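Here's the structure we're looking at; comments come further down.
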Amino acid sequence: MKYQTLIFTGLLFFACQSKPSDTIQFSVDSHRREVKDKLEASIQNHSHDEYMGNSLRPIREIVNRLSSLSQWTQIDSAVLLIADESVEVEYYYLDKELVKVIANTNEEKYKYYYLLNSELIFVLESEETGGDNIKEESYFEKGNLLRQVNNQDCGAPYPQDYLREEQLRIGMKFNRLIGKL
């Protein structure tokens, strides 16, 4: 019993000497990196639905090319306070042109914005809730929302009035992110 007490006391002493905050921070950063990598891979491997598949192909090709890049001209980052919520934002540039923005409010909620000639072409909104990963892809052409695809629904196209509302919602959120540059 005496030896068990000594061993327990020794283990307790060493456990108290460790830096749990560093371990936790590393774990959080590692988890974020893992989530980002999975989302980047899902962008490149997403399904090609039949509805508007051919008209979305050029957008998908551009997004796939940008997602596969590892060399950027410039990457800026910021932590913004939007609607009482802390948002970590990364801005990716090629030749001084903003082409990609990644925003996350926590480990489970990410938004990827892709641009071509300073206009949105694709947005991926991803949120993990209770083990489910909800992804919504939004495709734009000349500033107009063409199509939205949600991995939780059957893939039927949304009505035009809904797409207009979503276009406004996405545009307002994106403008808040780039308005802080």
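The values are calculated or read from the model by the stated rules, or taken from the named source; none is laboratory data. Since the model is a prediction, treat every value here as computed from it, not as a measurement. For neighbour counting, all protein chains shown are included, and Cβ atoms are generated from backbone atoms with ideal geometry for every residue, glycine included.
Checking I170 against (1) surrounded by 17 or more Cβ atoms within 10 Å (Cβ to Cβ); (2) in a strand (DSSP E or B), which single condition isn't satisfied?
(2)
Can you go through K100, K142, K96, K109 and tell me which one is closer than 23 Å to R57 by Cβ and at pLDDT below 95?
On the way: K100 fails: at pLDDT below 95; K96 fails: closer than 23 Å to R57 by Cβ; K109 fails: closer than 23 Å to R57 by Cβ.
When all the criteria are applied, what remains is K142.
Report the residue count in region 134-154 for those that are in a strand (DSSP E or B) and either over 16 Å from the mean Cα position of the chain (by Cα) or not charged (D, E, K, R) (or both).
Adding up the residues that qualify gives 12.
Which of the residues that make up region 59-75 are out of contact with any Lys or Arg (no Cβ under 8 Å at 6 or more places or on another chain) and exposed (fewer than 13 other Cβ atoms within 10 Å of the Cβ)?
E61, R65, S68, L69, S70, Q71, I75
Which condition breaks for G131 when tested against (1) of a type outside the set (S, T, Y); (2) surrounded by 10 or more Cβ atoms within 10 Å (Cβ to Cβ); (3) under 18 Å from the mean Cα position of the chain (by Cα)?
Exception for G131: condition (2).
Test L116 against the criterion of being over 16 Å from the mean Cα position of the chain (by Cα) and either under 21 Å from E85 (Cα atoms) or modelled with pLDDT of 95 or more (or both), and give yes or no. Spell out the reasoning first.
Details: over 16 Å from the mean Cα position of the chain (by Cα): yes; either under 21 Å from E85 (Cα atoms) or modelled with pLDDT of 95 or more (or both): yes.
It is true that L116 is over 16 Å from the mean Cα position of the chain (by Cα) and either under 21 Å from E85 (Cα atoms) or modelled with pLDDT of 95 or more (or both).
Mind listing just one residue for me: the one in region 108-127 that is under 18 Å from V149 (Cβ atoms) and of a type in the set (D, E, K, R) and, of those, surrounded by the most Cβ atoms within 10 Å (Cβ to Cβ)?
The initial filter retains those residues of region 108-127 that are under 18 Å from V149 (Cβ atoms), namely 110-114, 120-127.
Of the ones still in play, those that are also of a type in the set (D, E, K, R) are 111, 125, 127.
On the way: K111: 22, E125: 19, E127: 15.
Restricting to residues being under 18 Å from V149 (Cβ atoms) and of a type in the set (D, E, K, R), the top hit is K111.
Per-residue answers, yes or no, for (1) in a loop (DSSP other than H, G, I, E, B); (2) at pLDDT 95 or above; (3) over 14 Å from Y112 (Cα atoms); (4) hydrophobic (A, V, I, L, M, F, W, C):
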| site | (1), (2), (3), (4) |
| --- | --- |
| D37 | no, no, no, no |
| A41 | no, no, no, yes |
| E50 | yes, no, yes, no |
| R57 | no, no, yes, no |
| D76 | no, yes, yes, no |
| L80 | no, no, yes, yes |
| V87 | no, no, no, yes |
